[in-house]
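The values are calculated or read from the model by the stated rules, or taken from the named source; none is laboratory data. These figures come from a predicted structure and were not determined experimentally. Ideal geometry is used to build each Cβ from the backbone, glycine not excepted, and the neighbour counts take in all protein chains shown.
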Amino acid sequence: MAELNHSASCRCRVCGAPIEAFMSFGRMPIANGFLAASEIPSEYFFELAPAFCGHCGMFQIVEQPRPEKMFHAEYAFYSSTSRYMQLHFEKFALGVLEGVLKDRRDPFVVELGSNDGIMLRHFAAGGIRHLGVEPSANVAAAARARGVRTVSRFFDETAAREIRAEDGPADALLGANVMCHIPYIHSVFAGANTLLTPRGVLIFEDPYLGDIVEKTAYDQIYDEHAFYFSCASISALALRHELEVIDVLPQPVHGGSMRYVLARAGAYPVAEAVQRLRASEEALGLERPETYDRLRANVARSREELRALLLDLKRQGRRVVGYAATSKSTTVTNYCGITPDLVEFISDTTPLKQGKFSPGTHIPVRPHEDFAARYPDYALLFGWNHGEEIMAKERAFTGAGGKWIVYVPKVQVLG
Ligand code: DWN
Ligand code: SAH
Ligand code: ZN
(Lines give C-alpha, C1' and ligand atoms only; values in the text may rest on other atoms or scores of the structure.)
(Ligands and ions follow the chains in the order given, each with its own letter.)
Protein backbone atom coordinates (compact mmCIF):
# COMPACT_ATOMS: atom_id res chain seq x y z
CA MET A 1 0.00 0.00 0.00
CA ALA A 2 1.15 3.55 -0.78
CA GLU A 3 3.19 5.30 1.87
CA LEU A 4 2.27 8.87 2.67
CA ASN A 5 5.20 11.13 2.07
CA HIS A 6 4.74 14.87 2.42
CA SER A 7 8.29 15.78 1.60
CA ALA A 8 7.82 16.44 -2.12
CA SER A 9 8.31 20.12 -2.81
CA CYS A 10 9.30 22.29 -5.74
CA ARG A 11 8.18 25.40 -7.59
CA CYS A 12 4.84 26.26 -9.14
CA ARG A 13 4.96 25.75 -12.91
CA VAL A 14 2.92 28.91 -13.43
CA CYS A 15 4.23 31.54 -11.00
CA GLY A 16 7.46 30.04 -9.65
CA ALA A 17 6.43 30.26 -5.98
CA PRO A 18 7.58 27.37 -3.76
CA ILE A 19 4.89 24.70 -3.44
CA GLU A 20 4.60 21.61 -1.30
CA ALA A 21 2.52 18.47 -1.85
CA PHE A 22 -0.42 18.22 0.57
CA MET A 23 -0.52 14.42 0.17
CA SER A 24 1.06 11.60 -1.79
CA PHE A 25 -0.54 8.74 -3.69
CA GLY A 26 2.79 6.96 -3.49
CA ARG A 27 4.63 5.18 -6.27
CA MET A 28 2.70 5.31 -9.53
CA PRO A 29 3.27 3.86 -12.98
CA ILE A 30 2.37 5.53 -16.30
CA ALA A 31 -1.45 5.66 -16.23
CA ASN A 32 -1.83 4.49 -19.84
CA GLY A 33 1.20 2.21 -19.67
CA PHE A 34 -0.57 -1.12 -20.24
CA LEU A 35 2.06 -3.84 -20.34
CA ALA A 36 2.89 -7.18 -21.88
CA ALA A 37 4.11 -9.70 -19.26
CA SER A 38 7.69 -9.31 -20.54
CA GLU A 39 7.61 -5.56 -19.83
CA ILE A 40 6.62 -5.88 -16.17
CA PRO A 41 10.17 -6.17 -14.73
CA SER A 42 11.24 -2.84 -16.27
CA GLU A 43 8.07 -0.89 -15.44
CA TYR A 44 8.62 2.82 -14.77
CA PHE A 45 7.41 4.48 -11.56
CA PHE A 46 7.33 8.02 -10.17
CA GLU A 47 5.80 9.62 -7.08
CA LEU A 48 2.31 11.04 -7.62
CA ALA A 49 1.79 13.96 -5.27
CA PRO A 50 -0.56 16.93 -5.73
CA ALA A 51 0.10 20.47 -4.52
CA PHE A 52 -1.91 23.68 -4.42
CA CYS A 53 -0.10 26.96 -5.12
CA GLY A 54 -1.43 29.47 -2.62
CA HIS A 55 0.18 32.26 -4.62
CA CYS A 56 -1.49 31.88 -8.05
CA GLY A 57 -4.15 29.26 -7.21
CA MET A 58 -2.87 26.56 -9.58
CA PHE A 59 -3.45 22.97 -8.45
CA GLN A 60 -0.81 20.68 -9.97
CA ILE A 61 1.22 17.55 -9.47
CA VAL A 62 4.73 18.02 -8.18
CA GLU A 63 6.49 15.43 -10.35
CA GLN A 64 5.43 14.52 -13.88
CA PRO A 65 7.11 11.97 -16.16
CA ARG A 66 8.55 13.37 -19.41
CA PRO A 67 5.80 13.94 -22.03
CA GLU A 68 7.47 11.45 -24.43
CA LYS A 69 7.05 8.70 -21.82
CA MET A 70 3.28 9.20 -21.94
CA PHE A 71 2.49 10.36 -25.48
CA HIS A 72 4.04 8.29 -28.25
CA ALA A 73 3.25 5.96 -31.15
CA GLU A 74 1.42 3.49 -28.90
CA TYR A 75 -0.76 5.85 -26.90
CA ALA A 76 -3.55 3.67 -25.51
CA PHE A 77 -6.41 6.18 -25.36
CA TYR A 78 -8.60 6.61 -28.44
CA SER A 79 -11.18 9.37 -27.88
CA SER A 80 -13.89 7.89 -30.07
CA THR A 81 -14.48 4.82 -27.86
CA SER A 82 -17.37 6.60 -26.13
CA ARG A 83 -20.54 7.26 -28.10
CA TYR A 84 -21.53 10.05 -25.67
CA MET A 85 -18.17 11.74 -26.17
CA GLN A 86 -18.68 11.58 -29.94
CA LEU A 87 -21.94 13.48 -29.49
CA HIS A 88 -20.33 15.88 -27.05
CA PHE A 89 -17.61 16.83 -29.55
CA GLU A 90 -20.09 17.14 -32.39
CA LYS A 91 -21.95 19.72 -30.27
CA PHE A 92 -18.66 21.43 -29.31
CA ALA A 93 -17.70 21.75 -33.00
CA LEU A 94 -21.13 23.00 -34.06
CA GLY A 95 -21.11 25.53 -31.23
CA VAL A 96 -17.80 26.95 -32.49
CA LEU A 97 -18.94 26.94 -36.13
CA GLU A 98 -22.20 28.69 -35.36
CA GLY A 99 -20.71 30.93 -32.68
CA VAL A 100 -17.30 32.57 -33.00
CA LEU A 101 -16.69 31.42 -36.59
CA LYS A 102 -20.10 32.34 -37.95
CA ASP A 103 -19.23 35.47 -39.88
CA ARG A 104 -15.56 34.79 -40.59
CA ARG A 105 -14.43 34.34 -44.15
CA ASP A 106 -12.45 31.17 -44.75
CA PRO A 107 -11.80 30.52 -41.05
CA PHE A 108 -8.86 28.42 -39.85
CA VAL A 109 -9.23 26.17 -36.80
CA VAL A 110 -6.38 24.48 -34.92
CA GLU A 111 -6.90 21.82 -32.27
CA LEU A 112 -4.30 20.61 -29.77
CA GLY A 113 -4.51 17.00 -28.67
CA SER A 114 -6.96 16.24 -31.47
CA ASN A 115 -6.41 12.51 -30.89
CA ASP A 116 -8.34 10.36 -33.40
CA GLY A 117 -10.15 13.37 -34.87
CA ILE A 118 -13.25 13.06 -32.71
CA MET A 119 -13.89 16.83 -32.90
CA LEU A 120 -12.03 18.06 -35.98
CA ARG A 121 -13.81 15.62 -38.27
CA HIS A 122 -16.84 17.90 -38.06
CA PHE A 123 -14.77 20.80 -39.37
CA ALA A 124 -13.25 18.57 -42.05
CA ALA A 125 -16.73 17.43 -43.11
CA GLY A 126 -17.83 21.07 -43.40
CA GLY A 127 -14.84 21.93 -45.62
CA ILE A 128 -13.39 24.23 -42.94
CA ARG A 129 -9.62 24.79 -42.99
CA HIS A 130 -8.28 22.94 -39.98
CA LEU A 131 -5.20 21.37 -38.43
CA GLY A 132 -4.83 18.88 -35.61
CA VAL A 133 -1.64 18.95 -33.54
CA GLU A 134 -1.33 15.51 -31.99
CA PRO A 135 1.99 14.06 -30.77
CA SER A 136 0.74 10.48 -30.30
CA ALA A 137 1.43 9.11 -33.78
CA ASN A 138 -1.00 6.18 -33.70
CA VAL A 139 -4.07 8.25 -32.82
CA ALA A 140 -2.91 10.99 -35.23
CA ALA A 141 -2.86 8.35 -37.99
CA ALA A 142 -6.41 7.30 -37.07
CA ALA A 143 -7.47 10.94 -37.49
CA ARG A 144 -5.79 11.22 -40.89
CA ALA A 145 -7.53 8.03 -41.98
CA ARG A 146 -10.87 9.77 -41.48
CA GLY A 147 -9.82 12.86 -43.44
CA VAL A 148 -8.62 15.08 -40.60
CA ARG A 149 -5.48 17.05 -41.43
CA THR A 150 -3.08 16.28 -38.57
CA VAL A 151 0.57 16.87 -37.73
CA SER A 152 2.19 14.61 -35.20
CA ARG A 153 4.06 16.90 -32.81
CA PHE A 154 3.77 18.58 -29.41
CA PHE A 155 2.17 22.00 -29.51
CA ASP A 156 4.24 24.84 -28.07
CA GLU A 157 5.33 28.33 -29.10
CA THR A 158 7.67 27.03 -31.82
CA ALA A 159 4.92 24.88 -33.32
CA ALA A 160 2.59 27.90 -33.25
CA ARG A 161 5.10 30.03 -35.14
CA GLU A 162 5.62 27.36 -37.78
CA ILE A 163 1.91 26.74 -38.23
CA ARG A 164 1.28 30.46 -38.66
CA ALA A 165 4.08 30.72 -41.22
CA GLU A 166 2.62 27.86 -43.23
CA ASP A 167 -1.15 28.28 -42.86
CA GLY A 168 -1.63 31.82 -41.61
CA PRO A 169 -3.19 32.94 -38.32
CA ALA A 170 -5.93 30.89 -36.66
CA ASP A 171 -9.40 32.13 -35.83
CA ALA A 172 -9.88 29.50 -33.16
CA LEU A 173 -7.47 27.39 -31.16
CA LEU A 174 -9.28 24.51 -29.49
CA GLY A 175 -8.34 21.87 -26.94
CA ALA A 176 -10.22 19.31 -24.88
CA ASN A 177 -8.52 17.46 -22.06
CA VAL A 178 -5.13 18.54 -23.32
CA MET A 179 -4.28 21.94 -21.84
CA CYS A 180 -4.08 20.38 -18.37
CA HIS A 181 -1.60 17.82 -19.76
CA ILE A 182 1.08 20.28 -20.81
CA PRO A 183 3.63 21.24 -18.13
CA TYR A 184 5.17 24.04 -20.25
CA ILE A 185 1.85 25.85 -20.26
CA HIS A 186 3.42 29.30 -20.67
CA SER A 187 4.80 28.19 -24.03
CA VAL A 188 1.30 27.05 -25.05
CA PHE A 189 -0.28 30.35 -24.04
CA ALA A 190 2.49 32.27 -25.78
CA GLY A 191 1.82 30.05 -28.80
CA ALA A 192 -1.87 30.98 -28.67
CA ASN A 193 -0.84 34.63 -28.75
CA THR A 194 1.41 33.99 -31.74
CA LEU A 195 -1.10 31.96 -33.67
CA LEU A 196 -4.41 33.71 -33.13
CA THR A 197 -5.81 36.57 -35.22
CA PRO A 198 -6.50 39.80 -33.25
CA ARG A 199 -10.07 38.59 -32.59
CA GLY A 200 -9.15 34.92 -32.44
CA VAL A 201 -10.31 32.78 -29.52
CA LEU A 202 -8.72 30.06 -27.42
CA ILE A 203 -11.34 27.58 -26.23
CA PHE A 204 -10.43 24.65 -24.03
CA GLU A 205 -12.07 22.35 -21.52
CA ASP A 206 -10.62 20.15 -18.81
CA PRO A 207 -11.77 18.38 -15.64
CA TYR A 208 -12.82 21.10 -13.19
CA LEU A 209 -11.09 21.44 -9.83
CA GLY A 210 -14.40 22.32 -8.15
CA ASP A 211 -15.89 18.97 -9.20
CA ILE A 212 -12.78 17.03 -8.19
CA VAL A 213 -12.88 18.56 -4.71
CA GLU A 214 -16.65 18.31 -4.24
CA LYS A 215 -16.89 14.71 -5.49
CA THR A 216 -13.57 13.45 -4.12
CA ALA A 217 -12.81 12.47 -7.73
CA TYR A 218 -9.17 11.86 -6.83
CA ASP A 219 -8.71 9.46 -9.73
CA GLN A 220 -8.50 12.46 -12.07
CA ILE A 221 -5.06 12.88 -10.52
CA TYR A 222 -2.57 10.89 -12.60
CA ASP A 223 0.64 11.45 -14.55
CA GLU A 224 -0.89 12.96 -17.71
CA HIS A 225 -2.71 15.66 -15.76
CA ALA A 226 -0.11 18.22 -14.72
CA PHE A 227 -2.81 20.77 -13.79
CA TYR A 228 -6.34 20.88 -12.36
CA PHE A 229 -7.87 24.19 -13.38
CA SER A 230 -10.26 26.63 -11.79
CA CYS A 231 -11.55 29.91 -13.19
CA ALA A 232 -9.30 31.69 -10.71
CA SER A 233 -6.11 29.91 -11.79
CA ILE A 234 -6.88 30.22 -15.50
CA SER A 235 -7.68 33.92 -15.13
CA ALA A 236 -4.35 34.53 -13.37
CA LEU A 237 -2.49 32.59 -16.05
CA ALA A 238 -4.28 34.40 -18.89
CA LEU A 239 -3.35 37.77 -17.41
CA ARG A 240 0.35 36.95 -17.78
CA HIS A 241 -0.19 36.56 -21.54
CA GLU A 242 -2.45 39.58 -22.16
CA LEU A 243 -5.35 37.19 -22.54
CA GLU A 244 -8.63 37.19 -20.66
CA VAL A 245 -11.33 34.65 -19.81
CA ILE A 246 -14.43 35.96 -21.59
CA ASP A 247 -16.77 33.05 -20.86
CA VAL A 248 -17.00 29.81 -18.90
CA LEU A 249 -19.34 26.92 -19.70
CA PRO A 250 -19.67 23.96 -17.32
CA GLN A 251 -19.77 20.58 -19.09
CA PRO A 252 -21.09 17.30 -17.67
CA VAL A 253 -18.39 15.15 -19.30
CA HIS A 254 -15.51 13.40 -17.48
CA GLY A 255 -17.27 13.79 -14.15
CA GLY A 256 -17.52 17.59 -14.40
CA SER A 257 -15.48 19.73 -16.76
CA MET A 258 -15.19 23.45 -17.42
CA ARG A 259 -14.89 25.05 -20.84
CA TYR A 260 -12.95 28.34 -20.82
CA VAL A 261 -13.21 30.84 -23.67
CA LEU A 262 -10.24 33.23 -23.85
CA ALA A 263 -9.42 36.14 -26.11
CA ARG A 264 -7.02 39.08 -26.17
CA ALA A 265 -7.75 41.32 -23.18
CA GLY A 266 -10.39 43.89 -24.09
CA ALA A 267 -11.31 42.35 -27.46
CA TYR A 268 -14.71 41.10 -26.27
CA PRO A 269 -17.12 41.80 -23.41
CA VAL A 270 -16.74 39.41 -20.47
CA ALA A 271 -19.80 37.25 -19.78
CA GLU A 272 -21.39 37.48 -16.35
CA ALA A 273 -20.84 33.74 -15.89
CA VAL A 274 -17.13 34.42 -15.28
CA GLN A 275 -17.72 36.52 -12.17
CA ARG A 276 -20.40 34.10 -10.96
CA LEU A 277 -18.00 31.17 -11.23
CA ARG A 278 -15.27 33.09 -9.39
CA ALA A 279 -17.75 33.79 -6.58
CA SER A 280 -18.78 30.13 -6.39
CA GLU A 281 -15.10 29.12 -6.19
CA GLU A 282 -14.64 31.43 -3.23
CA ALA A 283 -17.71 29.98 -1.56
CA LEU A 284 -16.32 26.47 -2.15
CA GLY A 285 -13.01 27.52 -0.62
CA LEU A 286 -10.95 26.52 -3.66
CA GLU A 287 -8.32 29.09 -2.75
CA ARG A 288 -8.02 27.98 0.89
CA PRO A 289 -5.42 25.37 1.97
CA GLU A 290 -7.91 23.80 4.47
CA THR A 291 -9.94 22.65 1.47
CA TYR A 292 -7.06 20.40 0.45
CA ASP A 293 -6.63 19.07 4.00
CA ARG A 294 -10.26 18.02 3.74
CA LEU A 295 -9.67 16.50 0.30
CA ARG A 296 -6.75 14.47 1.71
CA ALA A 297 -8.99 13.11 4.49
CA ASN A 298 -11.80 12.31 2.04
CA VAL A 299 -9.42 10.51 -0.32
CA ALA A 300 -8.04 8.38 2.52
CA ARG A 301 -11.57 7.52 3.67
CA SER A 302 -12.58 6.57 0.13
CA ARG A 303 -9.63 4.19 -0.10
CA GLU A 304 -10.50 2.50 3.22
CA GLU A 305 -14.13 2.06 2.20
CA LEU A 306 -13.34 0.66 -1.23
CA ARG A 307 -10.76 -1.76 0.14
CA ALA A 308 -13.11 -2.91 2.91
CA LEU A 309 -15.86 -3.56 0.36
CA LEU A 310 -13.60 -5.49 -2.03
CA LEU A 311 -12.08 -7.55 0.80
CA ASP A 312 -15.54 -8.37 2.09
CA LEU A 313 -16.70 -9.51 -1.36
CA LYS A 314 -13.56 -11.63 -1.68
CA ARG A 315 -14.33 -13.29 1.67
CA GLN A 316 -17.82 -14.02 0.40
CA GLY A 317 -16.34 -15.60 -2.73
CA ARG A 318 -17.98 -13.09 -5.10
CA ARG A 319 -16.60 -12.43 -8.58
CA VAL A 320 -15.61 -8.80 -9.17
CA VAL A 321 -14.55 -7.54 -12.60
CA GLY A 322 -13.37 -4.01 -13.45
CA TYR A 323 -15.26 -2.12 -16.16
CA ALA A 324 -13.17 0.14 -18.47
CA ALA A 325 -9.38 0.24 -18.11
CA THR A 326 -9.30 4.02 -17.78
CA SER A 327 -6.26 6.14 -17.03
CA LYS A 328 -8.02 7.10 -13.83
CA SER A 329 -8.18 3.46 -12.74
CA THR A 330 -4.38 3.40 -12.50
CA THR A 331 -4.52 5.84 -9.58
CA VAL A 332 -7.32 3.88 -7.90
CA THR A 333 -5.81 0.41 -8.29
CA ASN A 334 -2.33 1.48 -7.20
CA TYR A 335 -3.39 3.78 -4.37
CA CYS A 336 -5.95 1.32 -2.99
CA GLY A 337 -3.82 -1.78 -3.59
CA ILE A 338 -6.32 -3.42 -5.93
CA THR A 339 -4.59 -6.53 -7.29
CA PRO A 340 -5.86 -9.52 -9.34
CA ASP A 341 -6.96 -11.32 -6.15
CA LEU A 342 -9.59 -8.59 -5.65
CA VAL A 343 -10.49 -7.83 -9.28
CA GLU A 344 -10.31 -10.80 -11.68
CA PHE A 345 -9.81 -8.76 -14.86
CA ILE A 346 -10.75 -5.41 -16.39
CA SER A 347 -13.08 -5.36 -19.37
CA ASP A 348 -12.16 -2.78 -22.02
CA THR A 349 -13.16 -2.15 -25.63
CA THR A 350 -9.76 -0.83 -26.79
CA PRO A 351 -7.87 -3.49 -28.80
CA LEU A 352 -4.50 -1.97 -27.82
CA LYS A 353 -5.17 -2.56 -24.09
CA GLN A 354 -6.59 -6.08 -24.44
CA GLY A 355 -4.34 -9.01 -23.58
CA LYS A 356 -2.13 -6.67 -21.55
CA PHE A 357 -1.82 -5.99 -17.82
CA SER A 358 -2.93 -2.88 -16.00
CA PRO A 359 -0.12 -0.53 -14.93
CA GLY A 360 1.36 -1.19 -11.50
CA THR A 361 -1.02 -3.80 -10.10
CA HIS A 362 -1.05 -5.98 -13.23
CA ILE A 363 -4.70 -6.92 -13.52
CA PRO A 364 -5.35 -8.61 -16.90
CA VAL A 365 -7.26 -6.47 -19.42
CA ARG A 366 -9.73 -8.43 -21.53
CA PRO A 367 -12.20 -7.64 -24.29
CA HIS A 368 -15.78 -6.78 -23.45
CA GLU A 369 -16.86 -10.15 -24.89
CA ASP A 370 -15.29 -11.82 -21.82
CA PHE A 371 -17.44 -9.66 -19.55
CA ALA A 372 -20.61 -10.47 -21.50
CA ALA A 373 -19.85 -14.21 -21.80
CA ARG A 374 -19.99 -14.75 -18.04
CA TYR A 375 -21.24 -11.85 -16.01
CA PRO A 376 -19.48 -11.32 -12.66
CA ASP A 377 -21.43 -10.69 -9.46
CA TYR A 378 -20.06 -7.14 -9.30
CA ALA A 379 -18.58 -4.74 -11.84
CA LEU A 380 -16.24 -2.11 -10.45
CA LEU A 381 -16.98 0.91 -12.62
CA PHE A 382 -13.60 2.47 -13.41
CA GLY A 383 -15.36 4.43 -16.18
CA TRP A 384 -17.77 6.10 -13.71
CA ASN A 385 -17.64 9.29 -15.78
CA HIS A 386 -19.38 7.35 -18.58
CA GLY A 387 -21.80 5.79 -16.05
CA GLU A 388 -24.98 6.83 -17.83
CA GLU A 389 -23.79 5.49 -21.20
CA ILE A 390 -22.38 2.28 -19.75
CA MET A 391 -25.28 1.42 -17.45
CA ALA A 392 -27.74 2.03 -20.30
CA LYS A 393 -25.98 -0.51 -22.52
CA GLU A 394 -25.42 -3.05 -19.73
CA ARG A 395 -29.03 -3.51 -18.65
CA ALA A 396 -28.70 -7.26 -19.29
CA PHE A 397 -25.94 -7.37 -16.64
CA THR A 398 -28.09 -5.81 -13.92
CA GLY A 399 -31.10 -7.76 -15.24
CA ALA A 400 -29.13 -10.95 -14.52
CA GLY A 401 -28.56 -9.78 -10.92
CA GLY A 402 -25.20 -8.03 -11.47
CA LYS A 403 -24.35 -5.02 -9.33
CA TRP A 404 -22.21 -1.95 -9.96
CA ILE A 405 -19.59 -0.68 -7.54
CA VAL A 406 -18.83 3.03 -7.84
CA TYR A 407 -16.52 5.19 -5.72
CA VAL A 408 -17.27 8.72 -6.92
CA PRO A 409 -18.74 10.71 -5.23
CA LYS A 410 -18.74 7.94 -2.60
CA VAL A 411 -18.16 4.23 -2.40
CA GLN A 412 -21.46 2.47 -3.00
CA VAL A 413 -23.09 -0.57 -4.58
CA LEU A 414 -25.81 0.10 -7.17
CA GLY A 415 -28.35 -2.13 -8.90
O1 DWN B 1 -7.78 13.37 -20.18
C2 DWN B 1 -7.86 12.29 -20.71
C3 DWN B 1 -9.20 11.76 -21.04
C4 DWN B 1 -9.94 12.62 -22.00
O5 DWN B 1 -9.13 10.49 -21.62
C6 DWN B 1 -6.67 11.50 -21.10
N7 DWN B 1 -5.57 11.88 -20.29
C8 DWN B 1 -6.84 10.01 -21.08
C9 DWN B 1 -8.26 9.54 -21.07
O10 DWN B 1 -8.65 9.27 -19.73
P11 DWN B 1 -9.42 7.91 -19.35
O12 DWN B 1 -8.65 6.76 -19.86
O13 DWN B 1 -9.68 7.96 -17.90
O14 DWN B 1 -10.72 8.11 -20.25
P15 DWN B 1 -12.18 7.52 -20.23
O16 DWN B 1 -12.88 8.11 -21.38
O17 DWN B 1 -12.83 7.69 -18.89
O18 DWN B 1 -12.01 5.93 -20.43
C19 DWN B 1 -11.70 5.40 -21.64
C20 DWN B 1 -11.57 3.88 -21.54
O21 DWN B 1 -12.82 3.29 -21.19
C22 DWN B 1 -11.17 3.28 -22.88
O23 DWN B 1 -10.11 2.35 -22.67
C24 DWN B 1 -12.41 2.56 -23.36
C25 DWN B 1 -13.12 2.22 -22.07
N26 DWN B 1 -14.56 2.08 -22.25
C27 DWN B 1 -15.10 0.80 -22.30
O28 DWN B 1 -14.39 -0.20 -22.17
N29 DWN B 1 -16.45 0.68 -22.48
C30 DWN B 1 -15.34 3.19 -22.36
C31 DWN B 1 -16.68 3.08 -22.56
C32 DWN B 1 -17.57 4.28 -22.70
C33 DWN B 1 -17.26 1.75 -22.63
O34 DWN B 1 -18.49 1.58 -22.80
N1 SAH C 1 -8.95 15.83 -27.06
C2 SAH C 1 -9.16 14.41 -26.89
C3 SAH C 1 -7.89 13.68 -26.39
C4 SAH C 1 -7.53 13.91 -24.95
S5 SAH C 1 -6.18 12.87 -24.41
C6 SAH C 1 -10.32 14.15 -25.98
O7 SAH C 1 -10.74 15.03 -25.24
O8 SAH C 1 -10.79 13.01 -25.97
C9 SAH C 1 -4.84 14.03 -24.44
C10 SAH C 1 -4.23 14.16 -25.83
O11 SAH C 1 -3.34 15.27 -25.82
C12 SAH C 1 -3.44 12.94 -26.26
O13 SAH C 1 -3.92 12.48 -27.51
C14 SAH C 1 -1.99 13.46 -26.32
O15 SAH C 1 -1.21 12.83 -27.30
C16 SAH C 1 -2.19 14.94 -26.59
N17 SAH C 1 -1.11 15.85 -26.16
C18 SAH C 1 -0.30 15.75 -25.08
N19 SAH C 1 0.58 16.78 -25.05
C20 SAH C 1 0.31 17.57 -26.11
C21 SAH C 1 0.87 18.79 -26.63
N22 SAH C 1 1.89 19.40 -26.05
N23 SAH C 1 0.34 19.30 -27.76
C24 SAH C 1 -0.70 18.69 -28.38
N25 SAH C 1 -1.27 17.55 -27.94
C26 SAH C 1 -0.77 17.00 -26.82
ZN1 ZN D 1 1.66 29.48 -8.59
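Take the conditions surrounded by 18 or more Cβ atoms within 10 Å (Cβ to Cβ), under 17 Å from Val100 (Cβ atoms) and at pLDDT 95 or above and apply them to Ile128. Does it pass? The answer is yes for Ile128.
Within segment 342-396, being closer than 21 Å to Ile30 by Cα and small (Gly, Ala, Ser) holds for Ser347, Gly355, Ser358, Gly360, Gly383.
The helices (runs of 4 or more DSSP H) found entirely in segment 303-415 that carry 3 or more residues being farther than 30 Å from Gly210 by Cβ are 368-373, 395-399.
For segment 217-233, what are the residues that are crowded, with 23+ Cβ neighbours inside 10 Å, more than 14 Å from ligand 2 (Cβ to nearest atom) and not in a loop (DSSP other than H, G, I, E, B)? Within segment 217-233, Tyr218, Asp219, Tyr228, Phe229, Cys231, Ser233 meet the criteria. Of the candidates Leu120, Leu87, the single residue that is surrounded by fewer than 20 Cβ atoms within 10 Å (Cβ to Cβ), within 16 Å of ligand 1 (Cβ to nearest atom), modelled with pLDDT of 95 or more and within 30 Å of Met391 (Cβ to Cβ) is Leu87. Going by the conditions given, is Asp171 acidic (Asp, Glu), touching a residue at least 60 places away in the same chain (Cβ under 8 Å) and not in a helix (DSSP H, G or I)? For Asp171, the condition - acidic (Asp, Glu), touching a residue at least 60 places away in the same chain (Cβ under 8 Å) and not in a helix (DSSP H, G or I) - is met.
In segment 174-197, which residue that is in a strand (DSSP E or B) and touching a Lys or Arg at 6+ places or on another chain (Cβ under 9 Å) is surrounded by the most Cβ atoms within 10 Å (Cβ to Cβ)? In this case the residue turns out to be Ala176. Filtering segment 185-228 to residues that are more than 16 Å from ligand 1 (Cβ to nearest atom) and of a type in the set (Lys, Arg) leaves only Arg199.
With respect to Ala125, determine if the residue is over 18 Å from the mean Cα position of the chain (by Cα) and within 16 Å of ligand 1 (Cβ to nearest atom). So Ala125 fails the test.
Against the condition free of Cβ contacts under 8 Å to residues at least 12 places away in the same chain, touching a Ser or Thr at 6+ places or on another chain (Cβ under 7 Å) and away from ligand 2 (no atom under 16 Å from the Cβ), how does Gly317 come out, does it pass? Against the criterion (free of Cβ contacts under 8 Å to residues at least 12 places away in the same chain, touching a Ser or Thr at 6+ places or on another chain (Cβ under 7 Å) and away from ligand 2 (no atom under 16 Å from the Cβ)), Gly317 does not qualify.
Just to verify a result, which residue in segment 17-48, among those that are acidic (Asp, Glu) and under 28 Å from Thr350 (Cβ atoms), is surrounded by the most Cβ atoms within 10 Å (Cβ to Cβ)?
Checked segment 17-48; the qualifying residue surrounded by the most Cβ atoms within 10 Å (Cβ to Cβ) is Glu47.
When the residues of segment 49-75 are filtered to those that are within 28 Å of Leu286 (Cβ to Cβ) and within 14 Å of ligand 1 (Cβ to nearest atom), the one that is surrounded by the most Cβ atoms within 10 Å (Cβ to Cβ) is Ile61. Ala51 meets each of the listed conditions (1) assigned to a loop (DSSP other than H, G, I, E, B); (2) within 16 Å of ligand 3 (Cβ to nearest atom) apart from (1).
Set side by side, the residues Val133, Val110, Val151, Val139 differ, and just one is more than 14 Å from Leu174 (Cα to Cα), surrounded by 24 or more Cβ atoms within 10 Å (Cβ to Cβ) and either in contact (Cβ under 8 Å) with a residue 40 or more places away in the chain or in contact with a helix residue (DSSP H, G or I) (Cβ under 9 Å, 6 or more places away or on another chain) (or both), which is Val139.
Within the set Gly147, Gly200, Gly132, Gly210, the sole residue that is part of a strand (DSSP E or B) and touching a Gly at 6+ places or on another chain (Cβ under 9 Å) turns out to be Gly132. Here are Leu239, Leu209, Leu243: which of them is in contact with a strand residue (DSSP E or B) (Cβ under 6 Å, 6 or more places away or on another chain) and over 30 Å from Ser80 (Cβ atoms)? Checking each option against the conditions leaves just Leu243.
Figure legend. Inter-residue proximity from segment 342-362: first residues closer than 15 Å to Ser42 by Cα and away from ligand 3 (no atom under 16 Å from the Cβ), second residues of a type in the set (D, E, K, R) and part of a loop (DSSP other than H, G, I, E, B), beta-carbon distance below 7 Å, spacing 6+ or different chains. No pairs are indicated. A single entry from Glu214, Glu205 fulfils the requirement of being more than 13 Å from ligand 2 (Cβ to nearest atom) and at pLDDT 95 or above: Glu214.
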